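The values are calculated or read from the model by the stated rules, or taken from the named source; none is laboratory data. Keep in mind the model is a prediction, meaning the values are calculated, not measured. All Cβ positions, even for glycine, are placed from backbone atoms using ideal geometry, and neighbour counts span all protein chains on display.
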Amino acid sequence: MLSTVSRKDTLSGKGRSQQLGKMGEYAVMAQLLSKSWVANVYSPAADTGVDLILLTKEQKLRKVQVKTSKIYPNGETWFMTSSKRN
């Protein structure tokens, strides 16, 4: 999934990578919620390496870890997810 963030909207200074990571998580959450096979998406309060938990229409839980890379010089950002099955 590819999403773009303009250079003027980017973050700078301390906490930039953490906030960029959250931006990626929310972007992935929005994409997952648009899928017909997803019933709901949850964001755990504690950081345990699992960024999102999704519930399928079949009532199965899936853990998702989101990795967000840097903002590239052209202003674009690449959001990538990897999923772990339970």
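A quick yes/no check of all residues on (1) modelled with pLDDT under 90; (2) part of a helix (DSSP H, G or I):
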| residue | (1), (2) |
| --- | --- |
| SER17 | yes, yes |
| LEU20 | yes, yes |
| LEU54 | no, no |
| LYS70 | yes, no |
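Consider TRP37 against the criteria (1) modelled with pLDDT of 90 or more; (2) surrounded by 12 or more Cβ atoms within 10 Å (Cβ to Cβ); (3) touching a Lys or Arg at 6+ places or on another chain (Cβ under 9 Å): it satisfies all of them except one. Which criterion is unmet?
If we test TRP37 against (1) modelled with pLDDT of 90 or more; (2) surrounded by 12 or more Cβ atoms within 10 Å (Cβ to Cβ); (3) touching a Lys or Arg at 6+ places or on another chain (Cβ under 9 Å), just (2) comes out false.
Identify the residue in segment 41-52 that is among the β-branched types (Val, Ile, Thr) and outside any strand (DSSP E or B) and, among all such residues, is modelled with the lowest pLDDT. Give the derivation first.
Filtering segment 41-52 for residues among the β-branched types (Val, Ile, Thr) gives 41, 48, 50.
From the residues that got through so far, the ones that are outside any strand (DSSP E or B) too are 48, 50.
Numbers: THR48: 87, VAL50: 92.
The qualifying residue modelled with the lowest pLDDT is THR48.
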